[in-house]
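S.K.: Dropping the structure in here first, questions after.
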Amino acid sequence: FRKKRQIRELNVDSIRASLPGNSCLIEYLKYDYLSLQPNSATPHYLAMVVSESAEPVILNIGSAAPIDELIDLYRQHMLRVPLAGLPSDEDVEEYQDLAKELYRRIWKPVENHTSAKKLVLIAPDGGLNLVSFAGLLDDAGTYLIERYPIHYLSAGRDLVRLKDVATPAVGLLA
């Protein structure tokens with residue numbers, strides 16, 4: 001019961017307090033955007049950036065369809081490239097194009113909120129779970145892992161360690 005209550009009481013302040021020093025959490029969320037017309041839900045991605053020193057920021061990443069198509073191309077490319085030996089020049093060029101486009105779509109919107117951080121914690125959602133953020137390339141050809149240490153989480157609440165606090169019994173039970 002205590003654990004369930006603690007989970008319900010989790011909020012952004014408890015997550016913020018659990019962040020390591022000079023780090024930020026980027027939690028991606030895939031959701032259905034509903035317009036005023038009935039049955040008009042379209043999937044979108046958003047990102048929430050939480051750091052210990054600033055107010056949380058929620059950013060619209062955009063419609064999920066083009067991002068998911070790009071993720072599918074990325075996944076197909078990774079399945080096609082042989083594991084043994086070196087990839088061909090064409091494979092490297094194709095990967096770089098995909099990694100740069102993914103960078104532009106999913107990292108560029110949050111980039112300004114991570115530039116001064118030493119550690120980036122990422123909790124992806126939807127198809128973003130299939131992307132290696134460390135392998136994304138900026139326009140200068142720098143991998144994201146060369147700029148930040150990256151740690152993956154399943155959700156931001158994973159930062160908060162729920163502890164079993166055993167309270168000593170009072171009295172005698174016979």
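The values are calculated or read from the model by the stated rules, or taken from the named source; none is laboratory data. Note that this is a predicted model, so its numbers are computed, not measured. Glycine also receives a Cβ, built like all others from the backbone with ideal geometry; neighbour counts cover every protein chain displayed. Note: areas computed on protein heavy atoms with side chains; ligands, DNA, RNA excluded. Shrake-Rupley method; radii C 1.70, N 1.55, O 1.52, S 1.80 Å.
S.K.: State yes or no: is K108 more than 16 Å from L25 (Cβ to Cβ), of a type in the set (K, R), within 15 Å of the chain's Cα centre (by Cα) and at pLDDT 90 or above?
M.R.: Yes.
S.K.: Name the residues in segment 110-129 that are assigned to a loop (DSSP other than H, G, I, E, B) and either aliphatic (A, V, I, L, M) or open to solvent by less than 30 Å² (accessible area, probe 1.4 Å) (or both), would you?
M.R.: Selection gives T114, A116, P124.
S.K.: Just checking, does segment 57-80 include any residue being in contact with a His (Cβ under 9 Å, 6 or more places away or on another chain) and aromatic (F, W, Y)?
M.R.: Checked segment 57-80: no residue is in contact with a His (Cβ under 9 Å, 6 or more places away or on another chain) and aromatic (F, W, Y).
S.K.: Look at L98 and say whether it is of a type in the set (A, V, I, L, M, F, W, C) and closer than 20 Å to A123 by Cα.
M.R.: no
S.K.: Identify the residue in segment 30-88 that is outside any helix (DSSP H, G or I) and charged (D, E, K, R) and, among all such residues, is farthest from R104 (Cα to Cα). Write out each step before concluding.
M.R.: First, pick out the residues of segment 30-88 that are outside any helix (DSSP H, G or I): 30-63, 81-88.
Checking which are charged (D, E, K, R) leaves us with 30, 32, 52, 55.
On the way: K30: 18, D32: 22, E52: 26, E55: 24 Å.
Once the filter is applied, the top-ranked residue is E52.
S.K.: Among the residues of segment 54-73, which ones are over 29 Å from D13 (Cα atoms) and over 17 Å from the mean Cα position of the chain (by Cα)?
M.R.: A65, P66, E69, D72, L73
S.K.: Pairs please, first residue from segment 1-30 and at pLDDT 75 or above and among the hydroxyl-bearing types (S, T, Y), second anywhere and part of a helix (DSSP H, G or I) and loosely packed, with under 12 Cβ neighbours inside 10 Å, Cβ atoms under 8 Å, 6+ apart in sequence or on different chains.
M.R.: Pairs that qualify, where the first residue is at pLDDT 75 or above and among the hydroxyl-bearing types (S, T, Y) and the partner is part of a helix (DSSP H, G or I) and loosely packed, with under 12 Cβ neighbours inside 10 Å: there are none.
S.K.: How about segment 60-91: which of its residues are open to solvent by 70 Å² or more (accessible area, probe 1.4 Å), farther than 23 Å from P43 by Cβ and not charged (D, E, K, R)?
M.R.: L79, P82, L83, A84, L86
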